[in-house]
Amino acid sequence: MLARDFTRNSTRNLTISALLLLTVAMSAPAQQGGDIQAQILYAYQTEDGNSLASLIQDLAAQLKTDAGDASLRYHLAHAQYRRGLLGAATDAGAAEAAFADCIDELKPLVSADAKAVEALILQSACYSSLAEHRKLESVLLRSRSDERLETALKLAPRNPRAVFLSSMKGLREAKPGTAQRQHAFAQLQLAAQLFDASSATSIDTPGWGHAEAYLALGRELESRADLLGARNWIEKSLIAAPDYKEAQRQLAALERR
């Protein structure tokens, strides 16, 4: 009896151990993807260009050994986009190259799947940013950016990143006091609500944009003289990303008013 119980318990323990190991093995790639995303966002938010450069180098090396890994390719493009944003004010040449690389990295994903919403959104952002550096091509680049964003919104009208980018485009282009400006502001508010309802720490899908959207809404409210609302949203940006330097500066400036 004791021998049978011991054997039964041992078998059960081995089965449980095997299941645990299998679960860890299956979740490892997804967790790694979440870790990469977190590293990219942290380097961007803390304005650590060296870390971003290292991430890009590491991701590019990994992609050489597995060119078909769509997640790796997306993360590399995202890191290049963030590097371009960081360098836009200090190294225009490097920023231009980073945005161009971002576009190129995403082309295989968009070609393979015309409904790849997240790839379309990120490529739209990179085309729009590249247009700021290539003035002679700006009309064509913005057209491509608009096309990809419109496609993404048709496929996923409540994707928070798509709605956020659309709102920022509207705010850039609309004149103060116009119906277009008010529509863009309403879109930005919707984007913040959609981000509230989505995960900022998803390990298997893109989860960026929360802190940026909250900060953008805070800035827009500040421009409308709603200082209390502005403070609330800027502080919310810092709750989402406590080391976000741009939000820290914005809050400090607001407190000095």
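Every number here is computed from the coordinates shown, using simple stated rules; none is lab data. Computed from a prediction, not measured in an experiment: that's the story for all the values here. Quick reminder, even Gly has a Cβ in these numbers, built from the backbone with ideal geometry, and neighbours come from all protein chains shown.
Here are a few things to note about the model shown:
- Packing here is the average count of other Cβ atoms within 10 Å per residue, and on that basis the peptides 67-73, 146-152, 232-238, highest first, run 232-238, 146-152, 67-73.
- Dipole moment magnitude, nearest 20 debye, the stretch 51-130 about Cα centre, only Lys, Arg, Asp, Glu C-beta charged: 100
- Placing +1 on each Lys and Arg Cβ and -1 on each Asp and Glu Cβ, with no other charges, gives the stretch 120-257 a dipole about its Cα centre of roughly 360 debye.
- Nitroxide proxy distance, nm - points 7 Å out along Cα→Cβ at Ala70 and Glu132: 3.0
- Taking a Cβ cut-off of under 14 Å around Ala97, the surrounding Lys, Arg, Asp and Glu residues balance to a net charge of -3, with basic ones at +1 and acidic ones at -1.
- Computed over the Cα atoms of the stretch 80-198, the ratio of the radius of gyration to the Kirkwood radius (Rg/Rh) comes to 0.98.
- Out-of-range pairs (alpha-carbon distance over 29 Å; input Lys115/Lys236; Lys135/Lys169; Lys154/Lys175; Lys169/Lys236; Lys64/Lys135): Lys115/Lys236; Lys64/Lys135
- For Lys107, the aspartates and glutamates whose Cα falls under 19 Å of its own Cα, not counting residues fewer than eight places away in the same chain, are Asp66, Asp69, Glu96, Glu118, Glu137, Asp146, Glu147, Glu150.
- For peptides 185-191, 40-46, 243-249, sequence by mean Cβ density within 10 Å, most packed first: 40-46, 185-191, 243-249
- Distance between the pseudo-spin-label points of Arg172 and Ala186 (7 Å out from Cα toward the beta carbon): 2.3 nm.
- Ranked by the mean number of other Cβ atoms within 10 Å per residue, highest first, peptides 133-143, 206-216 order as 206-216, 133-143.
- Each part reduced to its alpha carbon centroid, the stretch 133-158 and the stretch 38-60 end up 25 Å apart.
- Projected label distance in nm at Asp243 and Ser199, using a 7 Å step from Cα toward the beta-carbon: 2.2
- 3J(HN,Hα) along the stretch 85-98: 4, 5, x, 4, 8, 10, 8, 4, x, 5, 5, 4, 5, 5 Hz, from the Karplus curve 6.51 cos²θ - 1.76 cosθ + 1.60 with θ = phi - 60°, whole Hz, x for Gly and Pro.
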